[in-house]
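What follows is one structure encoded as structure tokens, with my remarks underneath.
The values are calculated or read from the model by the stated rules, or taken from the named source; none is laboratory data. Remember, predicted model here, so these are calculated numbers, not experimental data. Cβ placement follows ideal geometry from the backbone for every residue including glycine, while neighbour counts extend to all protein chains displayed.
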């Protein structure tokens, strides 16, 4: 079993519904987004192309973060997910430097703007490094990652790459999606259609 | 902290949102141990088909937000001093009713203004009726002349209904999006649009900024803000000149092609290119693509309302769909049909004609802006906000002594905010219903706690919200003593002893669904929604609801009322061409009012999950231009107009013309775009403050 996500950039309109859903679901604090959408422009006005690119933990097969973790807090689970044991993490942040996708976040108290209540801020993860876990709690009960569930545009497709009948297996075979930073040897589990 | 309680047994409840007022998306609310856990789209909803947006998802944070108003509040101390005491509903409404009746008897009902902003549910016309029953001609909306009214008048004049609001996206082969950004404002339409695009439908987007949807376009036409009518007329020039229009359709269903044909030669693509700053070849290509790809539809938004001649612009855009034979056909623009409930979108419902003629004549703005403020077959008349401000500040033509405000924040949302705030401070009595202590509520005498969509029963039955299926909102939680806006009106109506209103939200809802032979409770207990017929081609067969029963390319009504019966373009009241001297000092053309998906007008910036994603007010500015001004991405910048200055954060992009900037709206304090706006120049007949295409300068703030 190997969970992967395929993101169709032709379908992503940058509405940030996934970003907000992720924040609410994981109760991340001010300034921390496990999943986010960046804009990438190319060309000059008026010949300009813009892509909205959702970014999250890529759950790499060759995980730089896992290699550098001194406490073995970061580990790989049998489904191919890269996870963090928040009890073991000591907050050294080596993994944040190692991650090529800037997908890891140090949970430190940040003050929201004055008109916004602090709210929940991942209190159980204070002082440690946190990140996207593909909503492994939802996967465990047969659900989907929250960002996949709330996408109105079918821009995120999730499933088991090793299941030949799965949509992701078909997309990987037929659409030849790419990974971000293909020059690296990270073998990420998040693929993109329509990068070019 | 348990500020709310769940009222339902099931852990998955289907309901309808109204966080943005107009979409009213069908959603699924998931409960856990008596509280709302999370919100998701509802794939079974016939209108929204599973789409969901950040505002809906983050609504869960409205239930536990420490800023929510829990009880009615009565001012204790100076107005605006920030001191309040809690009051019961009975006491608060007794005060409000006493004041409104006092002014009514002392100074006439016209001395009381009833104004609305956001509709948290389908209650615009309910409030309109409330005001008519009270007897004041001075009911108004923050939108009003700025949103929906001009374009709905234009559509009524042209084809007797709101077809431009209803592109049949699912069946269309070419979609022209004019000044709209559905991913940010109409998620259900956006979902259908993106599905159409995926199956190969063409997409043309007109927008000064490369918006979410413009980024997906086959053709993006970055029009100079405020010059849209020239562009539409230029496209009509190509379509008529190259005989690409649908001759049979126009002959059978339209009147006025000869006159329109005589008008368009003024708008050659070359000339229009100079006016609009859009490349000539793009204008021609867009016109040809739209006219030759059938069926084609048009999606619009309030951009069309916010220019110097909004009715003319809306008509010009509408005519593109008319001459190409795309009105009332599958895949074109169609007419919604209701499910059979009492329609709230009628002048009968609001009891418009019950008001004595002499009172109607007192409506503020009626003399200057008859299309907005006089009783006409094509409008819901309302007072003109700048005229209300004038009446408060000068006592002319008569004093306005009180404002009862529901769901609005005119301290920020009216052009020329300084003047609006001065008037709000000066008016003798101000009562506000809202979820939070808004900038306007801070100045009030009485503040009433209103509820969010999760806390109210209701119907998604506005003509904007649905093609027709009647969908149901279910009360799931409650916060303090907050109640729905309709319930607030019902309670106040009792205090005011208004006839022909309802005693409660429940009684109102039962009244609306009575023609369906059910009670609201039965509807809630039964199915998910009440279906409605999807009728296309009805008006082609039976005639359009216009004087000629045809589509009126040439509008005799406009002519009779003293306006140009054909669309035309004129320069905005200030622009590089109409005021070249001013443009030397203020060299940028700005577009304001761009919507951001996480917010609705001035609301929701205090919701943590939303603010975190869009933390600052962003100025869109061309990257090369910015660098020439030593502005880098993320720099604080000052935007100045002849009327004021504000502070924003620069976002450098190539997706905007070097001489155009995009200013966000709805931010408070030093970032409030309405400080840049003058509300003295308004459009002919309808009174719109032009918000798109005025002049400004930009400079880096001191680091």
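Listed here are the residues, each with its yes/no results for (1) more than 28 Å from residue B:225 (Cβ to Cβ); (2) free of Cβ contacts under 8 Å to residues at least 24 places away in the same chain; (3) not assigned by TED's automatic domain parsing to the domain that holds residue B:253.
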| site | (1), (2), (3) |
| --- | --- |
| B:545 | yes, no, no |
| B:548 | yes, no, no |
| B:553 | no, no, no |
| B:567 | no, no, yes |
| B:574 | no, no, yes |
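The strands (runs of 3 or more DSSP E) falling completely within region B:1-113 that include 2 or more residues that are within 14 Å of chain A (Cβ to nearest Cβ) and at pLDDT below 95 map to B:26-32, B:35-41. Selection over region B:550-604 of residues that are more than 20 Å from residue B:304 (Cβ to Cβ) and within 14 Å of chain A (Cβ to nearest Cβ) gives a count of 6. Exactly one residue among B:170, B:215 is surrounded by fewer than 24 Cβ atoms within 10 Å (Cβ to Cβ), within 22 Å of residue B:292 (Cα to Cα) and either within 15 Å of the chain's Cα centre (by Cα) or outside the structural domain of residue B:117 (by TED's automatic domain parsing) (or both), and that residue is B:170.
Looking at B:648, B:684, B:691, which one is touching a residue at least 40 places away in the same chain (Cβ under 8 Å), more than 13 Å from chain A (Cβ to nearest Cβ) and under 16 Å from residue B:591 (Cα atoms)? Give the derivation first.
Details: B:648 fails: touching a residue at least 40 places away in the same chain (Cβ under 8 Å); B:684 fails: under 16 Å from residue B:591 (Cα atoms).
Just one listed residue meets the conditions, B:691.
The residues in region A:176-190 that are surrounded by 14 or more Cβ atoms within 10 Å (Cβ to Cβ) and either at pLDDT below 95 or touching a helix residue (DSSP H, G or I) at 6+ places or on another chain (Cβ under 8 Å) (or both) can be counted, and the count is 3.
Each row is one residue, and each column tells you yes or no for (1) at pLDDT below 95; (2) crowded, with 24+ Cβ neighbours inside 10 Å; (3) in a loop (DSSP other than H, G, I, E, B); (4) over 26 Å from the mean Cα position of the chain (by Cα).
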| site | (1), (2), (3), (4) |
| --- | --- |
| B:630 | no, no, yes, yes |
| B:639 | no, yes, no, no |
| B:648 | no, yes, no, no |
| B:680 | yes, no, yes, no |
| B:699 | no, no, no, yes |
| B:702 | yes, no, yes, yes |
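For region A:54-79, a residue qualifies if it is buried (at least 18 other Cβ atoms within 10 Å of the Cβ) and on the phi > 0 side of the Ramachandran plot, and exactly one does: A:59.
Find the residue count for region B:431-440, including only residues that are surrounded by fewer than 24 Cβ atoms within 10 Å (Cβ to Cβ) and more than 14 Å from residue B:142 (Cβ to Cβ).
Residues of region B:431-440 that are surrounded by fewer than 24 Cβ atoms within 10 Å (Cβ to Cβ), as a first pass: B:436-437, B:439.
So of that shortlist, the ones also more than 14 Å from residue B:142 (Cβ to Cβ) come out as B:436-437.
So the count comes out to 2.
Taken together, the criteria place residue B:418 among residues that are surrounded by fewer than 24 Cβ atoms within 10 Å (Cβ to Cβ) and touching a strand residue (DSSP E or B) at 6+ places or on another chain (Cβ under 9 Å). Number of residues in region A:83-94 that are touching a helix residue (DSSP H, G or I) at 6+ places or on another chain (Cβ under 7 Å) and either free of Cβ contacts under 8 Å to residues at least 24 places away in the same chain or under 23 Å from residue A:137 (Cα atoms) (or both) equals 2.
For region A:108-134, enumerate the residues that are in contact with a strand residue (DSSP E or B) (Cβ under 9 Å, 6 or more places away or on another chain) and either within 14 Å of another protein chain (Cβ to nearest Cβ) or surrounded by fewer than 18 Cβ atoms within 10 Å (Cβ to Cβ) (or both). Scanning region A:108-134 gives A:122, A:127.
Condition check ((1) more than 30 Å from residue B:256 (Cα to Cα); (2) surrounded by fewer than 20 Cβ atoms within 10 Å (Cβ to Cβ)) across all residues:
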{"position": "B:548", "(1), (2)": "no, yes"}
{"position": "B:557", "(1), (2)": "no, yes"}
{"position": "B:572", "(1), (2)": "no, no"}
{"position": "B:593", "(1), (2)": "yes, no"}
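Residues that are under 27 Å from residue B:72 (Cα atoms), at least 2 per element: which helices (runs of 4 or more DSSP H) completely within region B:485-581 meet that? Step through it out loud before you land on a result.
Numbers: elements: B:485-496, B:505-513, B:520-525, B:538-542, B:556-560.
Passing ranges, in order: B:485-496, B:505-513.
Among the listed residues A:83, A:97, A:9, A:51, which satisfies the condition of being away from every other protein chain (no Cβ under 14 Å) and buried (at least 16 other Cβ atoms within 10 Å of the Cβ)? First the steps, then the outcome.
Details: A:97 fails: buried (at least 16 other Cβ atoms within 10 Å of the Cβ); A:9 fails: away from every other protein chain (no Cβ under 14 Å); A:51 fails: away from every other protein chain (no Cβ under 14 Å).
Among A:83, A:97, A:9, A:51, only A:83 is away from every other protein chain (no Cβ under 14 Å) and buried (at least 16 other Cβ atoms within 10 Å of the Cβ).
Just so you know, in region B:610-632 the residues that are within 11 Å of chain A (Cβ to nearest Cβ) and free of Cβ contacts under 8 Å to residues at least 24 places away in the same chain include one that is farthest from residue A:18 (Cα to Cα), and it is B:615. The set of residues in region B:218-251 being surrounded by fewer than 22 Cβ atoms within 10 Å (Cβ to Cβ) and either free of Cβ contacts under 8 Å to residues at least 60 places away in the same chain or not assigned by TED's automatic domain parsing to the domain that holds residue B:306 (or both) consists of B:241, B:242, B:243, B:247, B:251. Selection of region A:12-32 for residues being touching a helix residue (DSSP H, G or I) at 6+ places or on another chain (Cβ under 6 Å) and at the interface with chain B (Cβ under 8 Å from one of its Cβ atoms) yields A:13, A:15, A:16, A:17, A:20, A:21, A:23, A:24, A:25. Kindly establish whether residue B:607 is in contact with a helix residue (DSSP H, G or I) (Cβ under 9 Å, 6 or more places away or on another chain), surrounded by 23 or more Cβ atoms within 10 Å (Cβ to Cβ) and over 30 Å from residue A:118 (Cβ atoms). Judged against the criteria, residue B:607 is not a match.
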